[in-house]
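Before any comments, here is the structure.
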Amino acid sequence: EYRSPRITITPEIKKILEGKDKRKWMFLCEQHPFYFAVYYFSEYFFYGFAPFHYDLFQDCKDLAEGRLDEALWVAFRESSKTSIAKIALAAWVICFAKKRYINWDSYDKDNSESALYDIATALQTNEKILRDFGSLYWESRGFNPGENKESKIKRISNFITRDGVRVEAYSTQESTRGRIHKERRPDLYILDDIENFKTKESLLITQKIIGHIDEMRAGKSHDTAILYLGNKITNGGVIDYIEQIIKRSLRTRERN
């Protein structure tokens, strides 16, 4: 099992993050999503990190930078796996344009659209992101960029940033064929909420999600990274199927 090196905030790094040299902290945050998350999303962190959180941050870096093709995070509810996927993978690659076409797929499309809403809201309202990256997502969704108000819209199905990064929400009941942004196929998939108590009760739904995964993997590009998030609710379900993929494949990693 791969264990990530413990990422620490040394006095030198703390000095950079608390300093006034924008070039230094942006360079540091580009190097590792852990620093990006801590600096730009400090409001997310009420408690210290659990040891496994450092592994998840490292997976985000390895997925974005091509050292890892697929990763599976099997973790209990409230483990922060979805929050880390949003801020340390999706938001990080968007801000630094490390990926160009991101798809977030869930069994229930409302959940994937809700995830995109959270990401878009951060791009619109996070004062540090606005200061350092400008208005990456400038379209008003019921409030002005930088204005800390709740939008009337709670779900977003797609958006394109100022730098040309496209982000789309899908259901696992929709085909992955034909997903193209300009000349690109999706180069980052995030699959969340793909096994739950509703899918557990239906063999047909389970098989359809597995078919969705097979179709996605068969059509992916050489630079496509895939992150699966979930809870293993039953043997023989979707997560169990992904575990078998991970075991058989190279450049893959499971966190359980």
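Descriptive notes on the structure:
- Tabulated pairs, region 233-256, first at pLDDT 90 or above, second among the polar types (S, T, N, Q) and part of a strand (DSSP E or B), C-beta under 9 angstrom, 6+ apart or interchain: ILE245/THR252; ILE246/THR252
- For region 159-170, the count of residues that are touching a residue at least 60 places away in the same chain (Cβ under 8 Å) and over 30 Å from ARG131 (Cβ atoms) is nonzero.
- Taken over region 100-128, the criterion of being among the small types (Gly, Ala, Ser) and either touching a Gly at 6+ places or on another chain (Cβ under 8 Å) or not in a helix (DSSP H, G or I) (or both) is satisfied by SER106 alone.
- Some residue of region 29-40 being open to solvent by less than 30 Å² (accessible area, probe 1.4 Å), under 22 Å from ARG100 (Cβ atoms) and in a loop (DSSP other than H, G, I, E, B): yes
- Region 89-112, residues that are open to solvent by less than 30 Å² (accessible area, probe 1.4 Å) and not β-branched (Val, Ile, Thr): LEU89, ALA90, ALA91, TRP92, CYS95, LYS99, TYR101, ASN103, TRP104, ASP105, SER106, SER112
- Restricting attention to region 60-78, the residues being surrounded by 17 or more Cβ atoms within 10 Å (Cβ to Cβ) and more than 12 Å from ILE7 (Cβ to Cβ) number 11.
The values are calculated or read from the model by the stated rules, or taken from the named source; none is laboratory data. Keep in mind it's a predicted model, so treat the numbers as computed, not measured. Ideal geometry is used to build each Cβ from the backbone, glycine not excepted, and the neighbour counts take in all protein chains shown. In case anyone asks, the SASA skips ligands and DNA or RNA and just uses the protein heavy atoms, side chains included. Shrake-Rupley method; radii C 1.70, N 1.55, O 1.52, S 1.80 Å.
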